[in-house]
Amino acid sequence: MGFRARKIHALSLLFLLAAVLGSGVLLTAQDISSGSYTVLKRYIYPRYNGDNEIQYLVYGSTAVNKGSLIYLTTPMIDIVDGSYTSIRLIDTIDAKDPYPTPYKLGSDGAVLRRFWNSTHHKHSQAWIFAEKATFDKSTNILTSDEPAYFRSRQLDADGIGFDAFNDRKFIHIRSNVRVVLRLRGKALELEEPAPSTSNKGVQQ
Amino acid sequence: MTSHFRTILAAAGVCASLAAFQPAAHAQGFGGMFSGFNMNGVTQDEEETSTVITASAADIDLEQNIITLIGDVVVDDQANKITCNKMTIYLEEDSADTLVGTADKPAEKAAEKKQEKKEEKPSAVKADGKNDQAGAKKDEKKDENNASKNISKIICTGDVVYTKRADPNDPNGQDQIAMSEQADYDAIKEVIVMTGNPVMMQGANKMYGDRIEILIKEGNRMRVINPKVYYTGESFLSSPGSGR
């Protein structure tokens, strides 16, 4: 198979995956390999609800599509607050930006402000981080057996394993839950606005 | 005469018990346990002593703004501890209603807010494909979403045990323990109300009532509403002629 033929084959696989994902739009795919499954690297996967509003964005280093399941490596789920009808309204993490990492449970105010004042997180209701997860396209449920890190302005939670029912923004953390609450989450945004250029969302 | 003397002794014991339930000066407070840290002007030390709540599992409902911790819930810090079977945390939009304490149903508030946002949706749809307009809309959306949510109340259910630890500097200090079926923490009023067969204990002293209130603004002062029965220790209970 010549180079041109391989390229065409790879492109066709990309379109096939995009079609399978339904209403999702694949905005970034830096690498595609052929075979019995499709691999995406450094992807962004926005998911919309019935009102055409973005429910969440999934970022990650690798996504492997096998049938109705997508196996995600280092997935980051950005649960969007508000009624964004276009991804252009959101400051997404671009290819040149480093991925954010979850700050430690009980981190001090400076770390929290740096995270939540980042332009990439202003629109966010919460973030979920995990090492691995599996997305079932047929049920729209994301599951993981790995350690999970939930971060929001009001509370942070660590645990082992989770099920995210994305259609209704419902997350079940399965075990070993540790939570830190904040009664005055609003202060996170009001105190010390973070510089917009030096803050790419990377924490410790 | 002996009976009168015993009655006086009992009354003295009750008074001593009530005095003992006054807050210890060092207590951080139940609200402090939940708050973790306040970003408005607290010291670095306070921030670093965030209280971690542990539980077997958790359900986080971001649409309804309700977080539920399930199974063996423990909140523990140096001064206080609470355990229960289930803890439900309610969030609500930070608004004028919140400040005056009239918002009691965060889920309904969230639904109303969602409806308001839907009504604004057509303008955002028009922004598609137009970079200039999209940028302007982006800023508007940021402002809109800056109206953050705050914890409005926390409800603990099932074998609720609240412990206020004795002052370690007081050699005669004893832990104060309150138990009930449910405890409601109102973040706006800063009060915890324990209901469902509540009992308050310190050492051998017990006090029952309709409910127990823990007033966080007053240094976690505990008070029993409509006290019904109280005991003042083993010696009184076992003494002859006490009628028990």
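The values are calculated or read from the model by the stated rules, or taken from the named source; none is laboratory data. This one's a predicted model, so the numbers in the text were calculated from it and none came from an experiment. A quick note on method: Cβ atoms are made from the backbone with ideal geometry, for glycine too, and the neighbour counts reach across all protein chains shown.
Just the residues that are outside any strand (DSSP E or B) and either under 19 Å from B:Ser152 (Cβ atoms) or not small (Gly, Ala, Ser) (or both), please, taken from the range B:62-88.
Restricting attention to the range B:62-88, the residues satisfying the condition of being outside any strand (DSSP E or B) are B:62-65, B:77-79.
Scanning the range B:62-88 gives B:Leu62, B:Glu63, B:Gln64, B:Asn65, B:Asp77, B:Gln78.
Among the residues making up the range B:169-178, those that are touching a residue at least 60 places away in the same chain (Cβ under 8 Å) and surrounded by fewer than 17 Cβ atoms within 10 Å (Cβ to Cβ) are B:Asn169, B:Asp170, B:Gly173, B:Gln174.
Is there any pair with a first residue in the range B:65-84 that is not assigned by TED's automatic domain parsing to the domain that holds B:Val52 and a second that is surrounded by fewer than 23 Cβ atoms within 10 Å (Cβ to Cβ) whose Cβ atoms are under 6 Å apart and which are 6 or more apart or on different chains, and what are they? Partner pairs satisfying both residue conditions: none exist.
For the range A:86-154, which strands (runs of 3 or more DSSP E) that fit wholly inside it have 3 or more residues that are more than 12 Å from chain B (Cβ to nearest Cβ) and free of Cβ contacts under 8 Å to residues at least 24 places away in the same chain? Before the answer, list the steps.
Values: elements: A:124-130, A:132-136, A:141-152.
Result: A:141-152.
Number of residues in the range B:177-227 that are assigned to a strand (DSSP E or B) and charged (D, E, K, R) equals 8.
A quick yes/no check of all residues on (1) among the hydrophobic types (A, V, I, L, M, F, W, C); (2) touching a Leu at 6+ places or on another chain (Cβ under 9 Å); (3) crowded, with 21+ Cβ neighbours inside 10 Å:
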{"site": "A:Gly67", "(1), (2), (3)": "no, no, no"}
{"site": "A:Asp81", "(1), (2), (3)": "no, yes, yes"}
{"site": "A:Leu142", "(1), (2), (3)": "yes, yes, yes"}
{"site": "A:Pro147", "(1), (2), (3)": "no, no, no"}
{"site": "A:Gln154", "(1), (2), (3)": "no, yes, yes"}
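Per this entry, A:Asp94 is counted among residues that are out of contact with any strand residue (DSSP E or B) (no Cβ under 6 Å at 6 or more places or on another chain) and farther than 14 Å from A:Asp156 by Cβ.
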